[in-house]
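Please read the structure below before turning to the comments.
What follows is calculated from the coordinates using simple rules that are stated; it is not laboratory data. Everything numeric in this text was worked out from a predicted model, so none of it was measured. Cβ placement follows ideal geometry from the backbone for every residue including glycine, while neighbour counts extend to all protein chains displayed.
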C-alpha cells in the first residue's frame with residue numbers, strides 16, 4: 001500500500017502487538033482472475049524454525065481455498081481504529097483529514113492437514129476461552145461436533161513483507177493536544193481509541 005514516509009511504522013514489536021490485538025483480518029487472493037476476500041481471524045505465530053507466520057482457516061464451502069495451490073501468494077489486511085480529524089482543531093488553516101492504523105502482510109500460503117487444523121483450533125479455542133466463567137475446550141466436544149472440522153480449510157502463511165501505516169497527525173505535533181482532546185470527547189469508539197494511541201505514543205517521546 002502507499003505509505004508516506006512519515007506515517008510508516010517500522011517498529012516490528014509494536015506492529016506485532018497490533019496484529020495480535022486486531023486479529024480479525026481480511027484474507028485476499030485471486031480466484032478465477034478476480035480479487036477475492038474473506039474476513040477471518042489470522043493469528044500471529046511461529047513456525048518450527050522460529051519464523052513469524054500467520055495461521056488461519058476458512059470454510060471449505062468458500063471457493064477461495066481452491067486457488068491456494070495454483071497461486072499461494074496472499075495479502076492479509078489488519079485494520080485498526082480510525083477517526084475523522086477536523087482542521088478546525090488546528091492553529092493554522094488546513095484541510096480536514098483522517099487518522100488510522102492499518103497493516104498489510106504479503107505472504108505465501110500452505111494448507112494444513114486435518115490433524116494439524118484440529119491441534120491448532122484446540123489452542124485457539126483455549127486462548128479465547130481462558131477468560132470465560134466456564135471455559136470451553138475442544139477436548140470436551142463430542143466426536144459428532146468435532147466432525148465439523150472437516151468443513152474448514154486451515155492454512156499457514158509465511159510472512160514475506162509487512163507494511164504498517166500509522167497515520168496519527170504526524171507533522172502537526174503543535175496541534176496534538178487539541179486533536180487528542182477533541183477525539184477523546186467523541187462518541188464513537190474509533191475516535192477515542194485513536195486519541196488514546198496518540199496520547200500513549202506522545203508520552204513515550206517525552
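Per-structure values
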read-out: Extension reserve of the residue 160-residue 2 stretch, reckoned as 0.36 nm per residue once the Cα distance is removed; value: 55.1 nm
read-out: Whole-number percent relative contact order across segment 1-159, with pairs defined as alpha carbons under 8 Å at least 6 apart; value: 24 percent
read-out: Fully extended contour minus Cα-Cα distance, from residue 20 to residue 129, at 0.36 nm per residue; value: 37.7 nm
read-out: Structure-based [θ]222 nm, the chain - -39500 (n - 2.57) summed over DSSP H runs of at least 4, per residue, nearest 500; value: -8500 deg cm²/dmol
read-out: Listed candidates [x] 15.8, 46; [y] 16.2, 49; [z] 20.2, 66 - label of the one calculated as Rg and Dmax of the Cα atoms in Å; value: [z]
read-out: Overall form of segment 102-163 per C-alpha gyration tensor (a/c, 1.5; a/b vs b/c); value: oblate
read-out: Fewest-first sequence of 166, 84, 2 by Cβ atoms within 10 Å of each Cβ; value: 2, 84, 166
read-out: Per-residue Cβ neighbour rank within 10 angstrom, fewest leading, 83, 169; value: 169, 83
read-out: Spacing of the two label points (7 Å from each Cα toward its C-beta) at residue 200 and residue 178, in nm; value: 2.6 nm
read-out: For segment 132-206 versus segment 29-89, the gap between their alpha-carbon centres in whole angstrom; value: 15 Å
read-out: Ranked list, fewest to most other Cβ atoms within 10 Å of each Cβ, for 24, 155; value: 24, 155
read-out: Projected label distance in nm at residue 188 and residue 59, using a 7 Å step from Cα toward the beta-carbon; value: 2.9 nm
read-out: Stretch gain in nm, segment residue 66-residue 87, where the contour uses 0.36 nm per residue and the Cα spacing is subtracted; value: 2.8 nm
read-out: Estimated inter-spin distance, residue 11 and residue 145, nm [label 7 Å along Cα→Cβ]; value: 4.2 nm
